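Reviewing the structure listed below.
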Ligand code: C2E
Ligand code: MG
Ligand code: MG
Ligand code: MG
């Protein structure tokens with residue numbers, strides 16, 4: 001009897017797995033079509049200077065509105081793109097749009113683009129970035145590339161060389177989602193980053209003294225390494241105050257603005273008023 005139950009279990013489990021795999025294949029096919037039809041949109045979220053309320057940069061975030069399923073979060077479709085060999089093309093589209101859109105933004109606002117570790121593997125990333133800059137006319141100093149420590153997990157030497165060549169172009173490099181990985185402190189010293197983005201999970205727990213202690217040592221290290229710090233996922237005024245007292249200069253999060261389409265970015269509007277109020 002128990003043997004039968006076990007067998008049933010296996011059948012249910014494998015059927016579930018199969019359904020899941022089928023669904024992922026469908027999603028992959030549909031994503032390929034969406035990329036082909038140039039339907040992936042780019043939204044932008046401001047990064048604000050806490051002391052002045054000024055927008056210093058915007059982060060480009062990919063958006064996919066599925067015909068029938070509606071909005072699919074990037075955490076889901078980026079993984080599908082990576083698994084299905086679509087991430088290089090998707091990444092190029094986002095980069096191209098971000099550089100082009102940045103040309104319509106104030107000249108002192110930078111644009112940040114996320115890179116997947118897979119875009120490093122034999123995809124002429126340096127040429128792609130060079131081309132996107134040339135085609136748009138965006139000064140290289142206005143482009144920031146965000147990577148996670150996953151870039152250092154595979155092909156370390158090759159990826160490090162690519163990073164160095166990117167940096168030599170004059171773009172800046174940010175370490176994203178800092179603090180959630182394995183041995184993050186060592187990654188900070190593995191490359192001369194320009195910026196480190198502290199993961200939202202730290203900001204969520206910023207009222208705890210353990211978190212404050214960790215943030216203090218990150219601020220110290222950032223000073224030593226001469227890199228700037230951004231707090232991700234800032235949602236409350238109280239968090240802004242705590243970040244400022246820690247000496248963290250920049251913040252990004254729903255408190256300031258959600259990611260929005262290019263046309264809805266406000267340098268002066270209500271979003272900007274709120275940013276100025278927070279700074280006051
Ligand atoms: P990320 O690069 O760390 O981007 C920040 C994410 O945090 C965004 O999620 C943003 O909407 C969200 N966020 C910002 N402020 C807040 C807040 O105050 N509260 C909360 N709850 N969330 C906040 P999103 O747009 O869903 O993107 C998720 C991740 O998907 C990104 O994390 C990034 O790793 C990846 N991603 C998005 N677009 C691209 C892309 O074009 N290329 C690649 N390779 N990855 C991308
Ligand atoms: Mg990012
Ligand atoms: Mg991040
Ligand atoms: Mg994050």
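Out of 129, 58, 113, 47, one residue alone is surrounded by 18 or more Cβ atoms within 10 Å (Cβ to Cβ) and in a helix (DSSP H, G or I). It is 129.
Beta carbons closer than 8 Å, at least 6 apart along the sequence or on distinct chains, pair a first residue in the range 61-80 that is farther than 14 Å from residue 38 by Cα and touching a residue at least 12 places away in the same chain (Cβ under 8 Å) with a second that is within 16 Å of ligand 4 (Cβ to nearest atom) and part of a helix (DSSP H, G or I) for 61/74. Screening the range 179-280 for helices (runs of 4 or more DSSP H) wholly inside it with 1 or more residues that are closer than 22 Å to residue 61 by Cα returns the ranges 200-204, 270-279. Filtered by the rule that a residue be part of a helix (DSSP H, G or I) and touching a helix residue (DSSP H, G or I) at 6+ places or on another chain (Cβ under 7 Å), the range 164-178 gives 165, 166. Evaluated against (1) free of Cβ contacts under 8 Å to residues at least 60 places away in the same chain; (2) away from ligand 3 (no atom under 16 Å from the Cβ); (3) crowded, with 17+ Cβ neighbours inside 10 Å; (4) in a helix (DSSP H, G or I), residue 123 falls short on exactly one condition, (4). When residue 71 is tested against the conditions (1) more than 16 Å from ligand 4 (Cβ to nearest atom); (2) within 30 Å of residue 278 (Cα to Cα), the lone failure is (2). Do we find that residue 63 is within 12 Å of ligand 1 (Cβ to nearest atom) and either at pLDDT below 95 or under 24 Å from residue 275 (Cβ atoms) (or both) in this structure? Criteria met by residue 63.
Tallying residues that are out of contact with any helix residue (DSSP H, G or I) (no Cβ under 7 Å at 6 or more places or on another chain) and closer than 13 Å to residue 137 by Cα within the range 93-103 yields 2. Restricting attention to the range 189-210, the residues being within 15 Å of ligand 3 (Cβ to nearest atom) and either in contact with a helix residue (DSSP H, G or I) (Cβ under 7 Å, 6 or more places away or on another chain) or free of Cβ contacts under 8 Å to residues at least 12 places away in the same chain (or both) number 4.
Residue-wise test of (1) more than 25 Å from residue 141 (Cα to Cα); (2) within 16 Å of ligand 4 (Cβ to nearest atom); (3) loosely packed, with under 13 Cβ neighbours inside 10 Å; (4) within 20 Å of the chain's Cα centre (by Cα).
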| position | (1), (2), (3), (4) |
| --- | --- |
| 178 | no, yes, no, yes |
| 191 | no, no, no, yes |
| 199 | no, yes, no, yes |
| 236 | yes, no, no, no |
| 242 | yes, no, no, no |
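The values are calculated or read from the model by the stated rules, or taken from the named source; none is laboratory data. Because the structure is a prediction, the values reported are computed rather than measured. Neighbour counts run over all protein chains shown; Cβ positions are idealised from the backbone, glycine included.
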